[in-house]
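The structure appears below as structure tokens.
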Amino acid sequence: MTLTWPLSRNNFHPAWLLLPAPALLALIGGFGVDTDEARFSRVLRLVLSGILVLPWLWWRAGDASDSVRRWLKEFRTQLPGFLIAFLIPASLVTFTKNPWNEGILLSYSFGCLWMGATALGSEFEQRTVSGWLAQPRARSALFLEKLSTLACLLSVATLHFVLLIPELPISGGLAYPEGQREFLYWTLAAVFALTSTPWFSLLTRSTLAGVVFTIAVPLVLFVTYLALWGVYLWQGPGPDVLIPDTAIRWALAGGMPLYWVTTLVLSWLTFRRLEIRDSGGRTSSPLHPLSRPLDRWLARLLPTSDTGALVRKELRLQVLPWFVSAIMVGLWLLWLLARSLSHSEELGSVLNQVGPVSIMAGILGGLVLLGTTSACVAEERELGTLEWQLTQPVSLARQWWVKVAVTIGLGLVLGVALPTTLILMGFGTEPFTLSETWTDSAQVVGIYLGAIVIFLVLGIYASSFSGNTMKAAAATVMLGMGTVFVVGLAGATVSEWMESQVVRWTDPIRPLTPPPWSPTQRQMTVILVSEIVIIGVAFLSRLFLLAARNSRFLKLPARQLWRQWVGLAFGLYLTNVVAGGAFFQLTVWNHKANQIAMRQSNHDNVVALLSQQAAAGRIPPEFYRRFSATPELPLSELADRIIESRGWPASTEVAAIFSTTPPGLRSKVAPAYGLTNNLDAEPAPTNRAGLHQLSPELKRRYGLRP
């Protein structure tokens, strides 16, 4: 018997069936904005999804021709990026009450760039370049097939992105045509993904580097253009003349098409000259065509020992960090040039702002850390050199420690020390001045170092099971989000348990037993920091050991990977819950000790007040009768009865009763103590009208009626 619906045919993936889901659920469930334009937009999005999905179902159920299968293979390769550009914006618009516009824009742009990077870069990641180029077809046909598939998916994603605008809440900038026009400017990401991203992927042999350079190179060119304009204005018309808006508009209108055409032509020329020696997908250049200068420099610098060769190999693998660092230094030099040539107060104030420069340095530094850790093991799997590396006459432990040392050292130098040094050279210590919120420099440094260490270990672990650097980078972000979610879930569990227990020990009248041990507030802080450090070190150590184990597999089994994730999540959750419960118990003991001390202080204050008033004979019999006491009752027991009846305010109320001020508080609390009048004679309430009455003699003198 033959199944009519085979498990795998024509590169079909079930994720294609998710495309109509947001629009269909919005129409059925009434999600999102309820306007005629929004409903019509949902219908169009549903039709667009159906046009894209129905041919897949048709080819899935039957056989397809060879040309169609090649197209379907290309579509399947670019599916992850297409889902990011298509499904995430649709879900944000459909299932969120107030859609996050920035998230929609970023997911669409990143998805488009990812599709452009995987169009040609996936062949290097999957090590299928030699088989792909060995087909009996012209290079031009292969290149056009890749770009036409990419253009088709980018067009669908862009059209879907435009159809989302009527479903967004019309607020802020979207309420005006200018705001909607600026929203549409983001569709240029699809053009960059079609023209320039494939070229950068060919040059770097990496999808992640292709995305990075697609963003960085146009930015550097534009900043350079502005710097040249600044030099011209400084030398010519005058330093106070600003760059004309028309110059910027004409540069963008004429420069971007020229840039797109140039990169597209360079993509074809690079692809036409591409020669592959083996199935590993490498060219005649060492590891990367852009790494020749670095490789020659390392050959002269490092010794010719086994360890030196391993270090040199690891440094040659790290291509992305070097180029991002070069971009960082280039942007810093351009910023210094623009700041030195600027004589306008307005432009100078903008260039001298610490915040934007620090944020840009932090982003580039984080990108260096991400690229460094992602390439630790995944880059060798992508290059096809991991099996060769495992067969070297050097112990696996030694290879692992060299790999980790180079990764961490390079990440700290290029991702932390370099941006910090550039900021110090540009602003001095001003960006590192502590604010009013953060006053302890050791605390701030500890938080930053902890975040950097966590980022490094998560990246190394993600790289240990990923097949390429792009997947490792995405896995690093997902692992970070998962870690935050598990810790937050554990915190919510402990918080819910605390709320159920807190009522038992917050009653000020309830009898308290002294705690077995009462930590001070300083000890509580030390215990909390110690718990965080111990849990963090244990979790990161486990990740590090698992990464060392995973690095020895050419391809890690999915079942083993899922076991690791479940074990890590459960262990982290359980550890945080136990540690949180223990810290809560210490908090209870600390609160009990403080409560007992406060009660004793309250009791002593009441006894002292009663002793003072009893010696003066100012305690009336009604006061004793209110608390079922007699004047012969010891004042200590009378104070206990008062506190048991009135609680924490007892000392304040007793002090108010036996004092002359404030009279308002005395009149309020006196009835609670069995007193109807104040103990001291107070002036009668002043009749404001009586202040203006005249004596009878004055009335008669001035002829006024009595």
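Out of all the residues in the range 63-122, which are assigned to a loop (DSSP other than H, G, I, E, B), surrounded by fewer than 22 Cβ atoms within 10 Å (Cβ to Cβ) and not hydroxyl-bearing (Ser, Thr, Tyr)?
Selection gives Asp63, Ala64, Lys97, Asn98, Pro99, Trp100.
Given the conditions (1) open to solvent by less than 30 Å² (accessible area, probe 1.4 Å); (2) in a helix (DSSP H, G or I), report the number of the one that Ile619 does not fulfil.
Unmet for Ile619, out of (1) open to solvent by less than 30 Å² (accessible area, probe 1.4 Å); (2) in a helix (DSSP H, G or I): (2).
Exactly one condition in (1) under 30 Å from Gly384 (Cα atoms); (2) open to solvent by less than 60 Å² (accessible area, probe 1.4 Å) is not met by Val577; state its number.
With respect to (1) under 30 Å from Gly384 (Cα atoms); (2) open to solvent by less than 60 Å² (accessible area, probe 1.4 Å), Val577 is out only on (1).
Name every residue in the range 234-251 that is modelled with pLDDT of 75 or more and either surrounded by 16 or more Cβ atoms within 10 Å (Cβ to Cβ) or not in a helix (DSSP H, G or I) (or both), in order of residue number.
Selection gives Ala251 alone.
Give me the pairs: first residue in the range 602-614 and modelled with pLDDT of 80 or more, second residue in a helix (DSSP H, G or I) and of a type in the set (S, T, N, Q), beta-carbon distance under 8 Å, and six or more apart or on different chains, which are they?
The qualifying pairs are Asn605/Ser651; Val606/Ser651; Val607/Ser636; Leu609/Ser651.
Among the numbered criteria (1) modelled with pLDDT of 80 or more; (2) assigned to a helix (DSSP H, G or I), which one does Cys376 miss?
All conditions are met except number (2).
Could you tell me how many of the residues in the range 617-651 are within 56 Å of the chain's Cα centre (by Cα) and among the acidic types (Asp, Glu)?
Number of matching residues: 2.
Which condition from (1) more than 60 Å from the chain's Cα centre (by Cα); (2) at pLDDT 70 or above; (3) among the acidic types (Asp, Glu) is the one that Asp680 breaks?
(2)
From the residues in the range 382-410 that are among the β-branched types (Val, Ile, Thr) and in contact (Cβ under 8 Å) with a residue 40 or more places away in the chain, which one is nearest to Asn468 (Cα to Cα)?
Thr385
Pick out the one residue from Ala569, Ala593 that is surrounded by 12 or more Cβ atoms within 10 Å (Cβ to Cβ), at pLDDT below 85 and touching a Ser or Thr at 6+ places or on another chain (Cβ under 9 Å).
One residue alone meets the criteria, Ala593.
Being modelled with pLDDT of 85 or more, more than 18 Å from the chain's Cα centre (by Cα) and in a helix (DSSP H, G or I) is the filter here, so list the residues in the range 466-490 that pass it.
The one that is modelled with pLDDT of 85 or more, more than 18 Å from the chain's Cα centre (by Cα) and in a helix (DSSP H, G or I): Ala490.
Might you let me know whether the range 575-584 holds any residue that is touching a helix residue (DSSP H, G or I) at 6+ places or on another chain (Cβ under 6 Å), of a type in the set (Val, Ile, Thr) and modelled with pLDDT under 85?
Looking through the range 575-584, none of the residues is touching a helix residue (DSSP H, G or I) at 6+ places or on another chain (Cβ under 6 Å), of a type in the set (Val, Ile, Thr) and modelled with pLDDT under 85.
Name the single residue, out of those in the range 1-35 being modelled with pLDDT under 70 and within 29 Å of the chain's Cα centre (by Cα), that is farthest from Pro80 (Cα to Cα).
That would be Val33.
Enumerate the pairs (first residue in the range 536-556 and charged (D, E, K, R); second residue anywhere and open to solvent by 40 Å² or more (accessible area, probe 1.4 Å)) with beta-carbon separation below 7 Å, excluding pairs fewer than 6 apart on the same chain, so at least 6 apart or on different chains.
These pairs meet every condition: Arg552/Leu390; Arg552/Leu396.
Tell me, yes or no, whether the range 87-107 has at least one residue that is within 16 Å of Ala23 (Cβ to Cβ), at pLDDT 80 or above and touching a Ser or Thr at 6+ places or on another chain (Cβ under 6 Å).
yes
Scan the range 291-341 for residues that are acidic (Asp, Glu) and at pLDDT 75 or above and jot them down.
Passing the criteria: Asp306, Glu314.
Does Arg127 qualify as being under 30 Å from the mean Cα position of the chain (by Cα) and open to solvent by 10 Å² or more (accessible area, probe 1.4 Å)?
no
The values are calculated or read from the model by the stated rules, or taken from the named source; none is laboratory data. Every value quoted in this text rests on a predicted model; they were computed, and no experiment measured them. We place every Cβ from the backbone using ideal geometry, glycine too, and count neighbours over all the protein chains shown. The area values use the complete protein model at the heavy-atom level, side chains included, leaving out ligands, DNA and RNA. Shrake-Rupley method; radii C 1.70, N 1.55, O 1.52, S 1.80 Å.
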